[in-house]
Amino acid sequence: MSEKNKELSRIFERIADILEFLGDNVYRVNSYRRVAELISSLQEDIEELWRKGKLGKLPGVGPSTLQKIEEFLRTGTVKKYEDLRRRVPEDLLELMDAPGVGPRTLRVAYDKLGVRTKEDFMRVLRDGSLAKLPGFGPKKVQNILKGIEIWKTAKERMPLMEAYTVAEEIVEYMKGEGAVREISVAGSLRRMKETVGDIDILVSADKKDWPRIHERFVSYPEVDRVIVRGETKSSVVLKNGRQADLRTVPPESWGAALQYFTGSKEHNVRLRDIAREKGLKVNEYGVYRADTSERVGGSTEEEVYRLVGMEWIPPEIRENWGEIELALEGKVPRLVSLEDIKGDFHMHTDWSDGVNSIEEVVEFCYRLGYEYIVIGDHSQSQRQAKGLTPERYMKQWKVIEDLNRVYNPKGFHILKGCEVDILPDGGLDLPDEVLEGFDFVVASVHLRLNQDNTYRILRAMENPYVNLIGHPTGKSPGQRESYPLDMDRVVEVAKETGTALEINTFRVDLSPENIRRCTEKGVMMAIVTDAHAVKHLRYMKVGVGIARRGWATPEVILNTRSLREVMEFVREKRRRLAGKTG
């Protein structure tokens, strides 16, 4: 996404926050939020769309919105936004980003307790003043404090998806320098950790070309400040406040450097201990004989591991979790790969809270080379997400059937699906007679996220028409922690009922630890994008990385199966739990 798209989306989101703080009409607030989401989901630079005269044709962009967008593109800001900002203390605007806080809570604290700064707000949280007001109480205040801690942590470390998208853009930019031979992300991002501190990028090139490469890096348009520009390493702070580091190495050291800078520290220490036992020395420059310092290799990672007597270890599992012992025996499991993926089970369209039409989503997925997808719009209780009633689902089915007549002959199949809400009692938001009409059903918890939701999920899995539990633990990096859940029991019942558990790309849910637990128990999982715009659909590769970090093999990932096998998975559960043979 271009920087202008990001900034403009942020401005519209901020206008919505301020209007909500000021008690403005809820429909106007939501219209600004929808425009913010639309802009953030655009594939093309918004300035290009403006020049081509296409802005006014976008859904939700009326004359007033168009005027504000044009004003931003001409002047770099929006007068309405600047006027509104002066009506709310800057500290409170920043606090609106903290999970559990929000404009309404801050307005109450502003009106009733005279809160004007972050310090004021923290004081009324801690001294019990806010808890005494109607609608709050100690438990809600505790959740707000927890949300602020999550927010502070998120400011220090990037959620995986944020880090990945930023790094992806830098890597593409750096490929424009012809002297670059090899380029890769390294560090915790390459290992697909849930959060990332700095973005590490490694480049191999001839030494004479290193100055040009570092010059290009520090000239990246999103750089706000250069920390250091060196011969082998440069560091910058980006406009989003995150740090990025670039290292250059000679081609003959590429593999050793990539292995070294990928980590983890614990993995590398163990690797070097084993090398030492074999009379070798391993560092970022190569592999050497310890007694003579003769260089024996290091141009590829495979060579580094081979010289130490191991098979290559996928970067996602380099944590000294037993992977080295398996590599020494040549028994590292074949982890799931992007090439194994045949479809995506969870995505949204503009029928609910997605940005793009079914037609746009379908065409994009067809071009990804999938065999099948599931259109999974929200069910009716998700009113804020334009959740579908049974009647609207049936209208959507007709659209899907029409599209299948076009795409089925091409070998691509669109499955009728939904993301049905799991209600507080564990029941579902749609009756069984409606659920039976879907090809594939995802069931998810969206409300009451602070309670133990084990019972709700277990009951949902016992429904014969539920095939996948969406974002099972309720986690959302930078927003909230998981809700209390007896994961051992969830895994057990998933196995018993033939229900898959979701690996949700954007939420990093399931966690790697839970993925490994499912893998060991043979519980089926599905990697999904949970896309709300077509641009999100291509991040299946991140979901695969998350699955690999949890040691998932193709055998336990549902979307490595063919369409015929997926439909048999659905039929088998219906046969067992409902006696259905269709």
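The values are calculated or read from the model by the stated rules, or taken from the named source; none is laboratory data. Keep in mind it's a predicted model, so treat the numbers as computed, not measured. Because the Cβ atoms are built from the backbone with ideal geometry, glycine has one as well, and the counts that use them run over all protein chains shown.
Yes or no, residue by residue, for (1) among the hydroxyl-bearing types (Ser, Thr, Tyr); (2) buried (at least 23 other Cβ atoms within 10 Å of the Cβ):
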site	(1), (2)
457	no, yes
491	no, no
511	yes, no
515	no, yes
Item to check | Odd one out for residue 105, checked against (1) within 25 Å of residue 503 (Cα to Cα); (2) buried (at least 16 other Cβ atoms within 10 Å of the Cβ); (3) of a type in the set (S, T, N, Q) | outcome: (1)
Checklist outcome for this item: (1) surrounded by fewer than 23 Cβ atoms within 10 Å (Cβ to Cβ); (2) over 21 Å from residue 468 (Cβ atoms) all hold for residue 446 apart from (2)
Checklist entry - What are the pairs, 6+ residues apart or on separate chains, where a residue within region 53-81 that is modelled with pLDDT of 85 or more has its Cβ under 9 Å from a residue that is among the polar types (S, T, N, Q) and in a helix (DSSP H, G or I)? => result 65/31
Checklist outcome for this item: In region 311-331, anything closer than 17 Å to residue 276 by Cβ, touching a residue at least 24 places away in the same chain (Cβ under 8 Å) and not polar (S, T, N, Q) is listed as 324, 328
Next on the checklist: Please pick out the residue among 257, 275 that is buried (at least 20 other Cβ atoms within 10 Å of the Cβ) and closer than 20 Å to residue 328 by Cα.
Outcome noted: 275
Item to check | Residue in region 475-489 that is in the same structural domain as residue 565 (by TED's automatic domain parsing), more than 29 Å from residue 143 (Cα to Cα) and at pLDDT 95 or above present | outcome: no
Checklist entry - Are there any pairs with C-beta distances below 8 angstrom linking a residue in region 367-378 that is among the hydroxyl-bearing types (Ser, Thr, Tyr) to a residue that is assigned to a strand (DSSP E or B), with the two at least 6 apart or on different chains, and if so which? => result 370/343; 370/344; 372/343; 372/413; 372/414; 372/415
Checklist entry - Restricting region 163-201 to residues that are of a type in the set (Asp, Glu) and in contact (Cβ under 8 Å) with a residue 40 or more places away in the chain, which is farthest from residue 546 (Cα to Cα)? => result 182
Checklist entry - When both residues are 6+ apart or on different chains and their Cβ atoms are under 8 Å apart, which pairs have a first residue that lies in region 393-406 and is not assigned by TED's automatic domain parsing to the domain that holds residue 437, and a second that is surrounded by 14 or more Cβ atoms within 10 Å (Cβ to Cβ)? => result none
Item to check | One residue from 78, 35 being of a type in the set (Val, Ile, Thr) and closer than 30 Å to residue 364 by Cα | outcome: 35
Item to check | Flag if residue 120 is buried (at least 17 other Cβ atoms within 10 Å of the Cβ), acidic (Asp, Glu) and on the phi < 0 side of the Ramachandran plot | outcome: yes
Checklist entry - Is region 142-161 home to any residue that is under 28 Å from residue 238 (Cβ atoms), at pLDDT 90 or above and not acidic (Asp, Glu)? => result yes
Checklist entry - From 194, 231, 222, which residue is touching a Phe, Trp or Tyr at 6+ places or on another chain (Cβ under 9 Å), surrounded by 13 or more Cβ atoms within 10 Å (Cβ to Cβ), over 17 Å from residue 312 (Cα atoms) and acidic (Asp, Glu)? => result 222
